[in-house]
Amino acid sequence: PARYFDTKTTEPISFFLSGLEELLAWQPNSNDEFNVSAVPLAKRQPPLRSRRPRTLVCHDMRGGYLEDRFIQGSATRNPYVFYHWRYIDVFVYFSHHTVTIPPVVWTNAAHRNSVPVLGTFITEWTDGEKLCEAFLAAGEEAYGAVAEQLARIAQHYRFDGWLINIENTLSAAAVGNLPLFLRDLTARVHSAVPGGLVIWYDSVLQNGTLKWQNELNDENRVFFDACDGLFTNYNWKEEQLERTQRLAGPRLNDVYVGVDVFARGDVIGGGFDTDKSLRLIRQYGLSAAIFAPGWVYEHLGKENFLQNENRFWGSLAEYLPTHSICTLPLTTSFSLGMGTSTFLDGKDEDSGPWYDLSAQDIQPLYPEQQGTLSTSCCLQDAWCGGSSLQLQGTIPPGEERVAVRLFSLQMPAPPKLFLTLLYKLEGPQPDDFTVALEVTTWDSGICFEGNPTSLPEPNGRYYPRFLPAPPPGLAKLLAACHRGSHGWTSRCYELELQDCSLRDVSVIVSRQQPSLQETSFTCLLGEVRVLDTASVAASPAQVYGVTASQLWWQ
């Protein structure tokens, strides 16, 4: 069927639903199993519902369902990818089809990085009026059926909820039932999807007219009260933020103030000035909804996309509270889910360009410019997948080392950790440097390394013990300890902690010899793993009853 498989290649594709009939007729189907997310939403700290401003990203690119619709990837050169997941809290996939089901590759990548994904339910123009009349004005049974289908769709495909966007005028009967529909939908989504969300877009008013308010006020508050949040339109001024803050009260963080990166209309900021909008929004403690950050790709072009993307998100970083990883194992090869080639164990397989966001790894923090240091993505060389993480910087005169923070963590440390690192030093004198991992813990006063006789580290910094060879029981899994090849160096470490809470994992680049000169270095990181020894040593669960379906022999 053409909805589920590409007519040219027969490959499975992601899809949307058009109109009310398609929505009400939807049933799970053996052809759509490819579309079900295979990655559960990873836990994070602090939890999404914490009382702090959030950041929502609304992805709207040329109508949606582009190369990202190919569930098993495609041979796309220079595709659009998003990877600053640590800096955002909610991801919305937007299109102008009635029911936008997020392509599963996006859900997989976001979930791996602890970010929930919302689809979009939109009605607009005269067709939208008719559609709303049919399901809202008709009463409880009709709007209940729509709410039930939307909740079932999110549950079946394993994404996390909906943005509701009614961009047409409504009859008195329809608008009267709208808050009831929103309450019903929100309750059903909460019960069908753990941590589910329903967010309302600032469009129609409680009297049924279509008039964007650019704020929370008495005209649209009834819809905000009926769901998990409000996404405001983009043409706000500072006094509207002030009024919104007053009216939202304790639900301040549930108002997502819209920021159009394309800066259409009378807006503050946009493009590389988006930080101006965010600065104001955060002054009032409000959440932000960044609309169409694909501007970087669409407006500035594909050529220097990764460089421009790091610059764009780097310029916003001070206004984007990050979230921390809170489960082990943590393992990543830094792959972006794309590449100009595929690498395996450091060897270029010469496979040509590829794009598959489901294959994107857990992403690090991207500390943009810490003075003399930058982190970026390197597609020219990698250990595994399509890219490595490139660290470039200088060690200042008289100093011995620099630290680059890769991951923030927030979890109790297991009694014993294993860590592995694969790296490659580039440049004229790679032997002048050493590279190692550092683990920091949260201050507690009771946290010790190894045996209780050792003193606590004053600043909670620990340098895991280098292991020349992996311990016997773990030799297979930790083959990484001596498998460097194609210029990559492999290192394996062990760290024993008591009553500690993990905080950061950083990489340290040090000079071999003290020097009064400043020294430049370039280091590629190919893989980092942080493992709880106990769970690694335990034998994996047996797998039973494997079935294979949808086979295509060539």
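See the values below:
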item	result
Area of THR331 that stays accessible when all protein chains are in place (1.4 Å probe, Å², to 10)	60
For the range 288-363 and the range 415-444, distance of Cα centres in Å	22
Accessible area (Å², 1.4 Å probe, nearest 10) - PHE334	0
Evaluated over the range 136-289, the Cα radius of gyration and Dmax, each in Å	16.0, 48
Relative contact order (percent, whole number), the chain, Cα cutoff 8 Å, 6+ residue spacing	13
Burial order of peptide ranges 36-42, 114-120, 293-299 (average beta-carbon count within 10 Å, highest first)	114-120, 293-299, 36-42
Listed peptides 277-285, 105-113 by packing density, highest first (mean Cβ within 10 Å)	105-113, 277-285
Quotient of Cα Rg and 2.2 N^0.38 Å for the range 246-347, N being how many residues it contains	1.37
Identified option (computed Rg and Dmax of the Cα atoms in Å; candidates (i) 25.1, 79; (ii) 24.2, 88; (iii) 28.4, 89)	(i)
Protein accessible area in the range 330-537, 1.4 Å probe - carbon and sulfur %	52
Kirkwood-type radius of the range 330-537, with distances r between different C-alpha atoms, in Å	17.9
Euclidean distance between Cα centres, the range 18-35 to the range 57-93, Å	22
Built amide H within the under 5 Å cut-off of SER515, gap 5+	GLY398
Selection from LEU406, SER374, GLY460, by position along the positive dipole direction of the range 330-537 (Cβ)	GLY460
Reference-scaled alpha-carbon Rg (2.2 N^0.38 Å with N residues) for the range 1-83	1.40
Accessible area in square angstrom per residue, the range 330-537, 1.4 angstrom probe	43
Per-residue SASA entry for HIS97, accessible area with 1.4 Å probe, Å² rounded to 10	50
For peptides 411-422, 507-518, sequence by mean Cβ density within 10 Å, most packed first	411-422, 507-518
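The values are calculated or read from the model by the stated rules, or taken from the named source; none is laboratory data. Treat the numbers as computed from the prediction; the structure is a model and nothing was measured. Here Cβ is always computed from backbone atoms with ideal geometry, including for glycine, and neighbour counts include all displayed protein chains. Accessible surface is based on the protein model in full, side chains and every heavy atom, while ligands, DNA and RNA are left aside. Shrake-Rupley method; radii C 1.70, N 1.55, O 1.52, S 1.80 Å.
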